1. Would you mind computing, in nm to one decimal, how far apart the modelled labels at Arg51 and Leu83 are, each placed 7 Å from Cα along Cα→Cβ?
2. Using the basic label-point model (7 angstrom from Cα toward the beta carbon), what is the Val96 to Thr59 distance in nanometres?
3. Could you tell me which GluC sites (Glu not before Pro) in the range 38-82 are loop residues by DSSP with no more than 11 other beta carbons within 10 angstrom of their beta carbon?
4. Taking loop as defined by DSSP and a crowding limit of 16 other beta carbons within 10 Å, which chymotrypsin sites (Phe, Trp or Tyr not before Pro) in the range 9-70 fit?
5. What net charge do the residues around Glu91 carry, taking every other residue with its C-beta under 12 Å from that of Glu91, with Lys and Arg at +1 and Asp and Glu at -1?
6. Mind checking the range 14-104 for trypsin sites (Lys or Arg not before Pro) that DSSP puts in a loop (not H, G, I, E or B) and that have at most 15 other Cβ atoms within 10 Å?
7. Check Glu62: other-chain or 5+ apart residues with amide H under 5 Å from its amide H, H built from backbone geometry?
Amino acid sequence: MALVEKDWDLNWQGDYRFARPIPLPKRTSLRMRFTYDNSTNNVRNPHQPPRRVVFGPQTDDEMGELWLQVLPNNAHERGLLALDYLKRQLEKTVAVNRERLGAA
């Protein structure tokens with residue numbers, strides 16, 4: 001399913017949500033592609049001449065993000081999801097601290 005906004009307006013930002021959750025089979029892969037038009041052809045481009053735009057918190061930065069809400073089917077799957085999430089967070093914490101120790 002593709003969602004494309006060709007007439008983007010800085011004053012219009014929001015989330016896209018499905019009316020009902022969509023079941024995703026095990027090993028489903030999700031991808032998101034963001035395309036921005038910061039050319040002179042875009043009448044809403046705040047920069048003339050155009051400049052490279054990067055991700056950031058300012059209104060003239062690009063803010064595209066993919067957020068995913070996961071709803072497990074049952075308590076067992078909820079427990080597996082929690083364990084996987086905690087494992088990933090622990091791996092990231094260890095990697096960051098290893099990098100900090102190596103840089104010290």
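Here, each number is a calculation from the coordinates, and none is a lab measurement. Remember, predicted model here, so these are calculated numbers, not experimental data. No Cβ is skipped: glycine too gets one built from the backbone with ideal geometry, and neighbour counts run over all protein chains shown.
1. Each label point lies 7 Å from its Cα, and together they span 5.1 nm.
2. 3.1 nm
3. Details: sites: Glu62, Glu65, Glu77; in loops: Glu65.
Sites meeting the loop and neighbour criteria: Glu65.
4. Numbers: sites: Trp12, Tyr16, Phe18, Phe34, Tyr36, Phe55, Trp67; in loops: Trp12, Tyr16, Phe18, Phe34, Tyr36, Trp67.
Counting only loop positions with at most 16 other Cβ atoms within 10 Å, the chymotrypsin sites (Phe, Trp or Tyr not before Pro) in the range 9-70 are Trp12, Tyr16, Phe18, Phe34, Tyr36, Trp67.
5. Numbers: positive: Lys87, Arg88, Lys92, Arg98; negative: Asp84.
So the surrounding residues net to +3.
6. Details: sites: Arg17, Lys26, Arg27, Arg31, Arg33, Arg44, Arg51, Arg52, Arg78, Lys87, Arg88, Lys92, Arg98, Arg100; in loops: Arg17, Lys26, Arg27, Arg31, Arg33, Arg44, Arg51, Arg52.
Counting only loop positions with at most 15 other Cβ atoms within 10 Å, the trypsin sites (Lys or Arg not before Pro) in the range 14-104 are Arg17, Lys26, Arg27, Arg31, Arg33, Arg44, Arg51, Arg52.
7. Residues meeting the amide H criterion: Val54, Phe55, Gly56.
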